[in-house]
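What follows draws every value from the coordinates through simple rules; no lab data is involved. Model, not experiment: these values are computed from the prediction. Neighbour counts run over all protein chains shown; Cβ positions are idealised from the backbone, glycine included.
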Amino acid sequence: MTQTENKPLVSDTPLVPIEKIVSLCKRRGFVYPNSEIYGGVAGIYDFGPLGVELRNNIRRYWWWSMVQTHDNVVGIEGANITHPRVWEASGHVENFVDRLVDCKKCKQRFRVDHLPAENLEQHKCPNCGGELMAEPRVFNLLMETYLGVVEGDRMKTYLRGEACQNIYLDYDNVLKSSRMQIPFGICQIGKAYRNEVTPGNFLFRQREFEQWDLQFFVHPSEMEQWFEYWKQYRFDWYKSIINHKDRLRIRAHGTDELAHYAKQAFDVEYHTVLGWQEWEGIHWRQDWDLSRHSQFSGQDLSYTDPITKERYIPWIVETSGGVDRTFLNLLLDAYEEEPDPAGKEPRTVLHLHPWLAPVKVAVFPLQKNKEELITTAKSIHRNLQRLMVSQYDDIGNIGRRYRRQDEIGTPYCVTVDFQTLDDQTVTVRERDQMTQVRIPISELPMYLLERVTWK
Ligand code: GAP
């Protein structure tokens, strides 16, 4: 796929400060701080009208590429709450911890794995230079919750710390109720909850967030081949939706970084003002999950090959990424303040892929005081609304209306002018190049659909 019919975006445009995105998101209704009127809650956000559209598009495009276009992949949607034993079996109760040290002087708290080596060795606070506590304290990230109403008889469990656990729990049901045979995969998009000790950087590290997972079940002898397939597929997928291709890379985990369930892992990373950071993890989970759930539940989760009759615990390739991190990275990737050649205010534009842009088209009458222009523009808008997200706008001059749409990434603007009333044509202006073409109204739906629908 290619980015819009646009000029290539120069890859050395400066990295965008997170604050610019936070401000745009609030101003234009993408993201709001949760419970803001009560002072907010760190690491929890709500999505506004445009945020919901963008998120839905991102999710739908992932689902289409992972589930709908793969005959050997199906989807599920699991609950956020599970039996507490799940988290013992998964290893999270024991291992899902952050090790933290406090500074004796300024009292700031740091994650040991985030401290520069020098500070760690010298027990020196990176903030004030004071002395750090010698012994780190250990915090479990699982969020506890309770089921039942009778005090003393309530069951403690956890909000899911990683969404993928439902896939292992439903694996046997999917196998029995669908016609899948190994190798096959199960996908899910769903919320996960972590008591992150250092939430921050807007959507990057939250306490409630959404993950998309594929768990692909294979015979051990085919692990290598499928691991390579999905690693490449996911890397290419991310590459296809960004402008700054050189800001994407894939990096192998060192043995000291591996999560408790992973035998090998790669991160798809994206470069922002935060440096190179994980966007998605590709994990070689081997037989850890199904073996552990077999052991803890007492249910046999082994697979019998229908032809060879070989019985084995399937191995798993996992691809696990964040919907919110995708949302944030896409905005950081797309945001640009283009200098105005006439020296006026810069043009703020989101170069979002048209497939993902929250609003696909905006329709304007050239003037507000001409009834025929308004009627025609509204009728075009109504027709387009049945096919895609369309906005009608007749406030302010055309330049201002373009600017408003550029700022939210609308790829096409349609203007109804006096010529329209004569020949039933309109101008379509493209966001990135700012070029305009004149096309018949009758061809408009197809013209736009071809450009805003993924294929
Ligand atoms: N099942 C494997 C797993 O959960 P992970 O690396 O902990 O692996 C996968 O999480 C993805 O979820 C990350 O690559 C990231 O995109 C997203 N993610 C993890 N923690 C997050 C947080 N606190 N806030 C937002 N996104 C997060």
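In this label model, His114 and Asp422 are separated by 6.4 nm, measuring between points 7 Å along each Cα→Cβ vector. For the residue pairs Lys191/Lys360; Lys20/Lys263; Lys105/Lys263, alpha carbon separations beyond 29 Å are given by Lys20/Lys263; Lys105/Lys263. Here r is the Cβ-Cβ distance between Leu449 and Ser35 and R0 is 35 Å; the resulting FRET efficiency, rounded to 0.05, is 0.30. Evaluate the Debye formula for the chain with equal point scatterers sitting on the alpha carbons, no solvent, and hand back log10 of I(q)/I(0) at q = 0.06, 0.10, 0.13 Å⁻¹, in q order, two decimals. Taking Cα atoms of the chain as identical point scatterers yields -0.33, -0.85, -1.24.
Computed from Cα positions, the angle between helix 398-408 and the longest principal axis of the chain comes to roughly 10 degrees.
With a cut-off of 13 Å between beta carbons, the residues surrounding Val67 carry a summed charge of -1, where Lys and Arg count +1 and Asp and Glu -1.
Pairs of alpha-carbon atoms within less than 8 angstrom and 6+ residues apart define the contacts here; what relative contact order does the range 226-302 have, in percent?
On the way: 85 pairs, mean separation 17.0, N = 77.
Relative contact order comes out at 22 percent.
By the rule of a second cysteine Cβ within less than 4.7 angstrom, the chain holds isolated cysteines at Cys25, Cys164, Cys187, Cys413.
In the range 242-383, a dipole from Cβ-located charges (positive for Lys and Arg, negative for Asp and Glu) runs towards its positive end, and of Ala262, Gly343, Ile374 it is Ile374 whose Cα lies farthest in that direction. For the chain, with the dipole built from +1 on Lys and Arg beta-carbon atoms and -1 on Asp and Glu ones, taken about the Cα centre, which of Gly51, Ile250, Gly298 lies farthest toward the positive end? The listed residue farthest towards the positive side: Gly51. In a fully extended conformation the segment linking Glu121 and His219 would gain 30.9 nm over its present Cα-Cα distance, using 0.36 nm per residue.
Treating only the Cβ atoms of Lys and Arg (+1) and Asp and Glu (-1) as charged, compute the dipole magnitude of the range 8-75 about its Cα centre; round to the nearest 20 debye. Walk me through the numbers on the way to the answer.
Working: 7 positive and 6 negative charges, 32 e Å.
Charge dipole, the range 8-75, about its Cα centre: 160 debye, nearest 20.
Taken about its Cα centre, the chain carries a charge dipole of about 860 debye when Lys and Arg each add +1 at the Cβ and Asp and Glu each add -1 at the Cβ.
As an exercise, use a Förster radius of 60 Å and the Cβ-Cβ distance of Cys128 and Thr304 to find the FRET efficiency, rounded to the nearest 0.05. Walk me through the numbers before you get to the answer.
Details: r = 62 Å, r/R0 = 1.03.
Efficiency at R0 = 60 Å is approximately 0.45.
Taking Cα atoms only, the orientation of helix 165-177 departs from the longest principal axis of the chain by about 90 degrees.
Kirkwood Rh over Cα pairs of the range 297-455 into Stokes-Einstein at 25 °C, 0.890 mPa s: D in µm²/s?
Working: Rh = 18.6 Å.
Reported coefficient: 132 µm²/s.
Note on Lys245 and Gln264: the model spin-label points, each 7 Å out from Cα along the C-beta direction, lie 2.6 nm apart. On the beta carbon distance between Val273 and Val52, with R0 = 30 Å, the FRET formula returns roughly 0.70.
Okay, helix-only estimate at 222 nm for the chain: each DSSP H run of n ≥ 4 adds -39500 (n - 2.57), divide by all residues, round to 500 deg cm²/dmol; what do you get? All intermediate terms of the calculation are to be shown ahead of the outcome.
Numbers: 13 runs with 135 residues, N = 455.
That calculation yields -9000 deg cm²/dmol at 222 nm.
When only the Cβ of Lys, Arg, Asp and Glu is charged (+1, +1, -1, -1), the dipole of the range 132-181 relative to its Cα centre reaches about 200 debye.
The simple spin-label model puts a point 7 Å past each Cα toward its Cβ; for Ile395 and Arg27 those points are separated by 1.5 nm.
Averaging the sequence gap over all C-alpha pairs within less than 8 Å and six or more residues apart, then dividing by the number of residues, gives the range 115-238 a relative contact order of 19 percent. I'd like the orientation of helix 18-28 relative to the chain: the angle between its Cα long axis and the longest Cα principal axis, in ° from 0 to 90, rounded to 10. It is inclined by approximately 60 degrees.
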